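The values are calculated or read from the model by the stated rules, or taken from the named source; none is laboratory data. Computed from a prediction, not measured in an experiment: that's the story for all the values here. Because the Cβ atoms are built from the backbone with ideal geometry, glycine has one as well, and the counts that use them run over all protein chains shown.
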Ligand SMILES: Nc1ncnc2c1ncn2[C@@H]1O[C@H](COP(=O)(O)OP(=O)(O)OP(=O)(O)O)[C@@H](O)[C@H]1O
Ligand SMILES: [Mg+2]
């Protein structure tokens, strides 16, 4: 007989409802799946066959045809496994499900266990939008599914539990140790086992994140980092090895304010689609992604058959930190063009299908000035051949140059400052200022931080007088800034003004911002001389 | 070089009495050099004019004395004659002003009086000089003038030209106005050179007021501020054009850097051609407002007005050593480019005359060996933001350069002798 159930699949970041039609008919035993499925769907045959047997059910020796509809939605991944398995059981009349619209999401193992799948959150949301009121989900991802309030999620750990859940009248949800897991929720991606308990709200306590108080000296770079984070500006740190570039960038997660509701939902959906592991609540910590410089193009941009999000998307509403920037492949750097300009990334698959995903990340990058790292160092210890340094940083070009608002040198810190300098400010103090500056911007110009304010609106929010406009023009002329370079300077100045709660950009804001302008038409190495 | 007017052989320096009397007479409103000159010719020495005025006959006595036997010059205005009488009775007040402002009254018979000025159509009867008058009479004098509202590029060009002229040993003359004039004077001061500013009013009526600091720096650096007007004279629409004839007249050549269609600098350029001085014009983009007057002038005076094709070319055209176009480059800046400077280093104090306190502190810290913002903050005790802003201002003036988080002194500041601690 024919059994029809609902499930879902993931296309980029969107869940799509699919119908799973299972026909179990007399005839030569066989098992066919039709309907634009990928390899992992075809493999579902083997998993389902094993799961049925090992869970104590019968894999019927008949002609089984599974149709996944609608035909034009590409189906990927193992999320439909559970629906297929249950469909076979109903089709072969091994049990009868109550209710008409039965929806299931989950991968089944050969042993009959139900496993979590990437993208559960957007898939459950899609079912809810479709009007489905009840969905069977993997128990391991209960909390993720329950972020969607409009639908009842029924967690199951095994195929047998799924059958029970569908056969029985409604059962009370299993008493899971919700308290402990929710406690970890606040920490988002932190190490839950080491957290003190439900009171964890501030982000500064995260293990593994250095505090700004540990970074000694480098007051210019610290100030630039504060300005960059306050306004969402691209930041490039340049300096010889061991001056704290990586260390400074690693403090960023402790400096960013939590995400607002809408952004948090987006971040959680992206985390879900990326299969980042158990999601135990809305993710409010802004993402901080630090892909290695050997990362592939697909890993950075996204891709694969299911079009899974790449680093640029996973850093959406957060920071993408590219350490050793000049070591990244040219392809990868070039691929950052669209996201840097549009705040989103479009992936075109071989079949002509395209998906667009958000990628509004803030770029933070670090690099040495040359391959040996010592170009321009005070002791003149660079061993690179002439011209090598120029070529090295010459790779940082085009869109990257244009999107970096702050170019900051990090020279070697004299030992006496490292050991005995003044006590540096802690992350918590700086984070407070950053949060205040950001709320000023959001109150003034909606969801856009200054870094994304363009042209006319930039002039409007800068509130230049004839005096300040004159100074800006003079600075631009003296430094031979392009129109774009001038806008960058003004944007940074606007953020400095916001850090001071100033309504209008003043001359001193412009003059401070001018410190971090891009080197004009010179190779980047000129910075390090 | 260009022709220089000859000092009349007969001229003997004036007596102190006559010099004072001249200063008093110049303070009379409406009494210009032409009228004054004829008055002196009729009556005798300046002190005699005052004696007549004090004689009891009053204004009519002056008038009478001034009447020429042939009747060709009978028109000394009554108000002027009355003014002379009034001045004759208040000489102390006028002379007190001259002393207080530390002015010297330099007359055409003095050695310091610029020989070129004696030869212009209406030479000033005397000059009130603040500072050292010797640079007025040097071998080569070049005026650098232009608009009060220059572009940043224009300002830069004016500075470069003025600095190069100073390095080549010329005296740079200008009008102490904001804009090109100020940039030219400031660049010379920064070079440790001497520059002369001709002003269009009394020394106690400096305009713009903001240039008092620049004026003081010019005088400190051995230059001079010069006026043909007595203290108390308000600068006006009428005085500036007269002043312009002195700028061109005291120079061998005039260089117009930027001038709008109606800029007073064009008047100076016209005077220059009339007085037989060389006139150089910096051409600019045809759509730049600040260059419209320059281009128009070049078009109107083909063959007479000359183009500034570059700073070395300008020096060459003036017969000055073109090598002076290159600024002094410190050997620390680039290993393979060591250029020695022939210019006397300028004191740090002179370079920082326009600096605010934070700039001052940052510059001194850099001179003392600080290189990073960490060190600058530690040494100056200023905030990071304040230090960064001050570095930008110093950099705008070419006194500091920063790279990769390291900063150093540059230009004249790098060459300046370290101040005593
Ligand atoms: N400013 C600093 N304050 C405190 N510790 C520092 C500082 N700079 C460097 N260190 C110490 O040196 C270590 C190396 O620094 P870090 O990895 O940040 O250097 P880097 O600038 O990223 O160098 P590279 O160019 O080699 O990547 C840090 O883990 C820290 O212990
Ligand atoms: Mg590093």
Margin query: Restricting to segment A:320-334, name every residue that is touching a strand residue (DSSP E or B) at 6+ places or on another chain (Cβ under 8 Å) and away from ligand 1 (no atom under 16 Å from the Cβ).
Written below: A:320
Next item on the list: Check whether at least one residue in segment A:442-458 is in the same structural domain as residue A:485 (by TED's automatic domain parsing), modelled with pLDDT of 90 or more and within 16 Å of ligand 1 (Cβ to nearest atom), and report yes or no.
Entry: no
Next item on the list: Run residue B:148 past the list (1) more than 14 Å from chain A (Cβ to nearest Cβ); (2) surrounded by fewer than 21 Cβ atoms within 10 Å (Cβ to Cβ); (3) under 20 Å from residue B:215 (Cβ atoms) and report the number of the one that doesn't hold.
Entry: (1)
Check: Which is within 13 Å of chain B (Cβ to nearest Cβ), touching a helix residue (DSSP H, G or I) at 6+ places or on another chain (Cβ under 6 Å) and at pLDDT 90 or above, of A:512, A:500, A:477?
Finding: A:512
Check: Would a scan of segment B:382-394 turn up a residue that is buried (at least 23 other Cβ atoms within 10 Å of the Cβ), closer than 25 Å to residue A:239 by Cβ and more than 9 Å from chain A (Cβ to nearest Cβ)?
Finding: yes
Next item on the list: Report yes if some residue within segment B:248-260 is surrounded by 24 or more Cβ atoms within 10 Å (Cβ to Cβ) and part of a helix (DSSP H, G or I); otherwise report no.
Entry: yes
Margin query: Checking residue B:371 against (1) facing chain A (nearest Cβ under 10 Å); (2) surrounded by 22 or more Cβ atoms within 10 Å (Cβ to Cβ): exactly one of these is not met. Which one?
Written below: (2)
Next item on the list: Look through A:443, A:460, A:436 and report the one residue that is surrounded by fewer than 16 Cβ atoms within 10 Å (Cβ to Cβ), within 24 Å of residue A:212 (Cα to Cα) and away from chain B (no Cβ under 14 Å).
Entry: A:436
Check: Residues in segment A:233-248 that are near ligand 1 (Cβ under 8 Å from one of its atoms) and either buried (at least 22 other Cβ atoms within 10 Å of the Cβ) or assigned to a helix (DSSP H, G or I) (or both): how many?
Finding: 9
Item checked: Every residue from segment B:207-226 that is modelled with pLDDT under 85 and either in the same structural domain as residue B:397 (by TED's automatic domain parsing) or part of a loop (DSSP other than H, G, I, E, B) (or both) -> B:207, B:208
Notebook entry, point to check: Among the residues of segment A:303-345 satisfying the criterion of being assigned to a helix (DSSP H, G or I) and within 16 Å of ligand 2 (Cβ to nearest atom), which is modelled with the highest pLDDT?
Noted result: A:325
Check: Hey, among A:111, A:99, A:56, A:131, which residue is within 30 Å of the chain's Cα centre (by Cα) and either part of a loop (DSSP other than H, G, I, E, B) or farther than 17 Å from residue A:20 by Cβ (or both)?
Finding: A:131
Check: Tally time: how many residues in segment B:327-380 are closer than 30 Å to residue A:415 by Cα, modelled with pLDDT under 55 and under 36 Å from the mean Cα position of the chain (by Cα)?
Finding: 5
Next item on the list: Quick one: which residue in A:472, A:489, A:499 is without any contact (Cβ under 8 Å) to a residue 40 or more places away in the chain, closer than 22 Å to residue B:390 by Cβ, under 33 Å from the mean Cα position of the chain (by Cα) and assigned by TED's automatic domain parsing to the domain that holds residue A:227?
Entry: A:489
Notebook entry, point to check: In this structure, does residue A:266 turn out to be away from ligand 2 (no atom under 16 Å from the Cβ) and either farther than 22 Å from residue A:423 by Cβ or not in a strand (DSSP E or B) (or both)?
Noted result: yes
Checklist line | Out of A:270, A:279, A:238, sole residue that is within 30 Å of residue A:347 (Cα to Cα) and touching a strand residue (DSSP E or B) at 6+ places or on another chain (Cβ under 6 Å) | finding: A:270
Note to self: Under 7 Å between Cβ atoms, which residue pairs at least 6 apart in sequence (or on different chains) link something in segment A:324-349 that is under 22 Å from residue A:395 (Cβ atoms) and touching a residue at least 24 places away in the same chain (Cβ under 8 Å) with a partner that is within 16 Å of ligand 2 (Cβ to nearest atom) and in a helix (DSSP H, G or I)?
What the structure shows: A:326/A:392; A:326/A:393
Next item on the list: Kindly check whether there is at least one residue in segment A:409-426 that is away from every other protein chain (no Cβ under 14 Å) and at pLDDT below 85.
Entry: no
Check: Among (1) free of Cβ contacts under 8 Å to residues at least 40 places away in the same chain; (2) within 16 Å of ligand 2 (Cβ to nearest atom), which single condition is residue A:300 missing?
Finding: (2)
